[in-house]
Amino acid sequence: MKFKSFLETDVLVMGAGLAGCIAAISAAQAGAKVCLVSSTEIFSGSSFYPGTWGLGLVAPDGTEDETDLVETILRVGEQVADRHLVEIFVSHITESIQYLEQMGMHLKEAENKGEREFIPCFDHKNRSWHGLLQNEMREIFLQKMKALTITCLPHTQIIESVMEGNRVCGALALSREHGCIFLSAKSTVLASGGMGGLFQYRLNTSDITGMGQFIGLRSGCSLINLEFMQMMPGYLSPAPKTIFNEKVFRYSRFCFPGTQDSIWADWELRKQKDLLELRSAHGPYTSRLASGEIDEKLFRCFLQDSRGVSVSYREEIWDNQPEFVKTYFDWLAEKKHITVRDPFQMGIFAHASNGGIQIDEHAATGVAGLFACGEVTGGMHGADRLGGLSTANGLVFGRIAGASAAKMAAKELEQITETEERIEWIPGADAYLEEIRQMNFACAMILRDEHTIKEAQKRLLEIRQEVQEQIQEVRLQTEKTAVEIKKTFEGKADMLLSEGLQQSILLRRESRGSHHRVDYPNLDESLDRWIACTYNRKNRKIKTEFVKEKQEVASCRETF
């Protein structure tokens, strides 16, 4: 099918969360003509997730704290973070916060910053803590985008990159208003968030589908550390998919649904008191700490009963809450109409990706014309991630990606104004999507083993074969609606990324950070290496392997 360009721009940004917005603004400030695309509303994704009060943002407590923060990230990441990228990351956090303030952003500051609740997840000390409020982010970013005349395309899903040789020259997208369109661009930035959409239960909005990783992989990027994903407790009811505040684990009671019976036997209760105290210091699950037993028990209960676990808070926290906890409960009462006295049902959810597209210090992916930033990327985090650094990641590398993309676009590059691409449609893609997400919930959450992974791989292969028999080529744009084609590409993304995720889990025969193998419960120091996924466009197969050395991404620095 031939497409003429619907829009021609210097820099095309996919994703309108914090990383995407910052990348778009940064590119426009560098003089580029910019188009920002979102599959839903502008200001979306995990940055504007309605299941939490806002975003915590952690920075080094002065330049003298930068070295300690770097070493802590590497230690908590258990040797699978990229030291060079971490050093670049940490050295840019403070100036990136100042960048927000120069925009007019008023960051929330801690009044009692020495309280233990302000120590970031998995950290050993208090650092410089800030909070970003969603409404203010929307207002400030919108003002800036209007002033910089950034073109915004909401309800437009990018489904495929368009390539001229080995260079990305734009993308195909599905627009609610215009159908399938070609967006021509000299540089493209992927900023579409993580891979929580691969799971049945996830603390993500519906636009977090892994499409950015899918597009990057098929364009020639490497994906690293896919097996390291954060899993967190959240509300099942009321207010489904609301994030549970880990700081109150030590004040919580956990019972079987519809009963007052503790999920722990009497002999376990004394032990659990100490573990709950430890568990109150971090949000996601980790196999590094003994507190991992808490999440494993909660998840087993959830697997056995889809109602999850009944939770209530002890009276001692009702009227006397530390500042960080009070901020959460005030928000919960205002937005979700749930008070500290109300019981609720809890489950374990997929949350954030620690791995993704490999980038260098310029946010370049090794594919000419293609950059990436935010949760779609990997390398600046490892097997576990410090709390507050996901926000910092989007902010720091969003600025870098935008500036780098604008610099490349400023060169004398030929702009492609017409392309011919094959658009496919899979009947009944919804059913396959649901089955794949249920499968990943069963095999790729916090309890993983070889048997369940191999069973999932067997079924995934069957699904791929079934799909291949049903694929139809859409020859006219009017034959199928944009919604049907969108589901087709989401299905293709789920299949390909699930294959990479499952292969990575199977290869890593150990437990490390957020990755826990029941059949290999210990860390294996000989596996202090990345697992990289690549895609062969000719045979349409994915290759997953340990990287012998922590090789740098094939850098695009010669283009700068």
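The values are calculated or read from the model by the stated rules, or taken from the named source; none is laboratory data. All values derive from a computational prediction rather than experimental measurement. Note that each Cβ is placed from the backbone with ideal geometry, even for glycine, and that neighbours are counted across all protein chains shown. The area values use the complete protein model at the heavy-atom level, side chains included, leaving out ligands, DNA and RNA. Shrake-Rupley method; radii C 1.70, N 1.55, O 1.52, S 1.80 Å.
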Taking the Cα-to-Cβ direction at Thr259 and at Asn166 and moving 7 Å from each Cα, how far apart do the two end points lie in nm?
-> 6.2 nm
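Which entries in Lys297/Lys541; Lys458/Lys487; Lys458/Lys543 show an alpha-carbon gap greater than 26 Å? If you can, show how the numbers build up before the last one.
Numbers: Lys297/Lys541 37 Å; Lys458/Lys487 23 Å; Lys458/Lys543 17 Å.
Pairs exceeding 26 Å: Lys297/Lys541.
Arrange the peptides 491-504, 338-351 so that the one whose residues have, on average, the most other Cβ atoms within 10 Å appears first. Can you show the working numbers first?
Working: 491-504: 23.5, 338-351: 19.9.
In descending order of packing, they fall as 491-504, 338-351.
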FRET efficiency for Arg83 and Arg509, using Cβ-Cβ distance with R0 set to 30 Å, rounded to 0.05 = 0.75
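What FRET efficiency comes out for the pair His106/Arg307, r = Cβ-Cβ distance, R0 = 45 Å, nearest 0.05? Could the numbers behind the result be given before it?
On the way: r = 41 Å, r/R0 = 0.92.
The formula returns an efficiency of 0.65 here.
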Roughly what angle does helix 266-279 make with the longest principal axis of the chain, taking Cα atoms, 0 to 90 degrees, to the nearest 10?
-> 50 degrees
Given that just one value was derived from the coordinates, which of (i) 69, 54, 47; (ii) 106, 57, 57; (iii) 77, 73, 68 is Cα extents along the principal axes in Å?
-> (i)
For region 530-547, 3J(HN,Hα) per residue [Karplus equation, 6.51 cos²θ - 1.76 cosθ + 1.60, θ = phi - 60°, Hz, x = Gly/Pro] = 6, 9, 10, 10, 10, 10, 9, 5, 6, 9, 6, 10, 9, 10, 10, 7, 5, 8
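For the chain, what % of the accessible area comes from carbon and sulfur atoms, probe 1.4 Å? All intermediate terms of the calculation are to be shown ahead of the outcome.
Working: 10390 of 21910 Å².
After summing per-atom areas, the C and S share lands at 47 percent.
With a 10 Å radius around each residue's Cβ, average the other Cβ atoms per peptide and rank 392-402, 254-264, highest first.
Details: 392-402: 28.5, 254-264: 14.1.
In decreasing order of mean packing, 392-402, 254-264 become 392-402, 254-264.
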Within a Cβ distance under 10 Å of Val467, other residues only, what is the Lys/Arg minus Asp/Glu net charge?
-> -2
Dipole magnitude of region 75-158 about its Cα centre (Cβ charges: Lys, Arg +1; Asp, Glu -1), debye to nearest 20 = 120 debye
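Report the local net charge at His92: Lys and Arg +1, Asp and Glu -1, summed over other residues whose C-beta lies under 13 Å from its C-beta.
Values: positive: Arg399; negative: Glu66, Glu87, Glu95, Glu361.
Value of the local net charge: -3.
Rank by packing, highest mean first: peptides 26-35, 227-236, 457-466, with packing defined as the count of other Cβ atoms within 10 Å averaged across residues.
Working: 26-35: 23.2, 227-236: 25.4, 457-466: 13.8.
Most protected by this proxy first, the peptides run 227-236, 26-35, 457-466.
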Search the structure for amide H atoms under 5 Å from the amide H of Ser222, placed 1.01 Å from N in the peptide plane, and list their residues when 5 or more places away or on another chain.
-> Gln358
Shape call for region 298-356 from the C-alpha gyration tensor, a ≥ b ≥ c root eigenvalues: rounded (a/c under 1.5), prolate (a/b greater than b/c) or oblate?
-> oblate
Pairing the Cα long axis of helix 18-29 with the longest principal axis of the chain, what angle in degrees results, from 0 to 90 and rounded to the nearest 10?
-> 40 degrees
Any idea what angle helix 450-470 forms with the longest principal axis of the chain, computed on alpha-carbon atoms, 0 to 90 degrees, nearest 10?
-> 30 degrees
Toy charge model, Lys and Arg Cβ at +1, Asp and Glu Cβ at -1: the chain dipole around Cα centroid in debye, rounded to 20, equals 840 debye
Among Asn166, Ser237, Ile446, which residue has its Cα positioned farthest towards the positive end of the charge dipole of the chain, with +1 placed on the Cβ of Lys and Arg, -1 on the Cβ of Asp and Glu, and the dipole taken about the Cα centre?
-> Asn166
What is the antiparallel percent of DSSP beta bridges lying wholly in the chain, to the nearest 5?
-> 70 percent
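About the Cα centre, and with charges only on the beta carbon of Lys, Arg (+1) and Asp, Glu (-1), how big is the dipole of region 361-478? Nearest 20 debye, please. Show your work: numbers first, answer last.
Numbers: 12 positive and 19 negative charges, 102 e Å.
So the magnitude is around 500 debye.
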Using 0.36 nm per residue of separation minus the Cα-Cα distance, give me the extension gain between Leu142 and Arg540 in nm, one decimal.
-> 139.3 nm
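Output the pairs from Lys125/Lys335; Lys33/Lys407; Lys4/Lys411; Lys33/Lys146; Lys33/Lys144 with a Cα-Cα distance over 19 Å in this structure; if there are none, say none. Could you put the intermediate results ahead of the total?
Values: Lys125/Lys335 31 Å; Lys33/Lys407 12 Å; Lys4/Lys411 23 Å; Lys33/Lys146 13 Å; Lys33/Lys144 14 Å.
Distance filter (> 19 Å) returns Lys125/Lys335; Lys4/Lys411.
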Among Ile357, Ser514, Ala30 the positive-end extreme of the charge dipole of the chain (Cβ point charges) | Ile357
Cα gyration tensor shape for region 168-271, rounded if a/c is under 1.5, else prolate or oblate = prolate
With a sphere of radius 9 Å drawn around the Cβ of Ile25, what net charge do the other residues whose Cβ falls strictly inside it have (Lys, Arg +1; Asp, Glu -1)?
-> +2
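When a/c reaches 1.5 or more, the comparison of a/b and b/c decides; with that in mind, is region 116-222 rounded, prolate or oblate per its Cα gyration tensor?
Numbers: a/c = 2.01, a/b = 1.52, b/c = 1.32.
Cα axes put region 116-222 in the prolate bin.
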